[in-house]
Amino acid sequence: MRHQKKTLKLGRTAEHRKALLANQVCCLIEHRRIKTTLAKAKAVRPLAERMVTLGKNGSLHARRNALSILRQKDAVKKLFDEIAPRSTDRNGGYTRIVRLGQRKSDSALMAFIEWVDAAKVVEEKPAEEKKAKRKETKPTQKEPAAKQKEAEPKEAAPTPAEEPKPKKRRWFGRKSSEEK
């Protein structure tokens, strides 16, 4: 029984999990918002908040502890110089997890994890604009061409032809009875 075991294992070894979480926190520091699975976001949150607490302390010892966990100097510098000073008046709760629904390929629950104090980023949906453009361009360009194509076959008299041959149907590589 796993009583009092709070570590989210994420199906990885301890070393792999530690490296994954450190990289996720570094990306969160760099980009201010990352899109990941809900399970990873929930695992990243405690580590990210612990790093901000170290950043608020600001001592050399805290900086070295953060560097030993994150292993990226530029991320630690940005954490201590930009992110931690914004959170001085806040006692915990530096990150926010926003659920996004399921990923299309494997139906994994997706989420954004972001800093609470960061300015809100609004993402636009360019897919809707593309669909609207396609709908506008199709009728205007193809209507005259379609009318011309319809008029041409009516003018030409159809020649008497033999009976149409049945379509060759291949199903899993088998030949139909007519082709044998």
- Query: So how many residues does the range 21-51 have that are part of a helix (DSSP H, G or I), within 15 Å of E114 (Cβ to Cβ) and of a type in the set (K, R)?
  - Reply: 3
- Which of (1) outside any helix (DSSP H, G or I); (2) at pLDDT 95 or above; (3) not small (G, A, S) is the odd one out, the single condition L8 does not satisfy? (2)
- Message: Every residue in the range 75-92 that is free of Cβ contacts under 8 Å to residues at least 24 places away in the same chain and under 23 Å from R17 (Cβ atoms), please.
- Response: V76
- Message: Kindly evaluate T36 against the criterion of being surrounded by fewer than 17 Cβ atoms within 10 Å (Cβ to Cβ), modelled with pLDDT of 95 or more and either among the hydroxyl-bearing types (S, T, Y) or under 25 Å from the mean Cα position of the chain (by Cα) (or both).
- Response: no
- Query: Can you name the residue in the range 9-33 that is of a type in the set (A, V, I, L, M) and under 22 Å from K73 (Cα atoms) and is also nearest to the chain's Cα centre (by Cα) among such residues?
  - Reply: L28
- Search the range 1-25 for residues that are basic (K, R) and pair each with any residue that is assigned to a loop (DSSP other than H, G, I, E, B) when their beta-carbon atoms are under 8 Å apart and the residues are at least 6 apart or on different chains. R17/K9; R17/L10
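The values are calculated or read from the model by the stated rules, or taken from the named source; none is laboratory data. Worth saying up front: this structure is predicted, and the values here are computed from it rather than measured. As a convention, Cβ positions derive from the backbone with ideal geometry for all residues, glycine included, and neighbour counts pool all protein chains shown.
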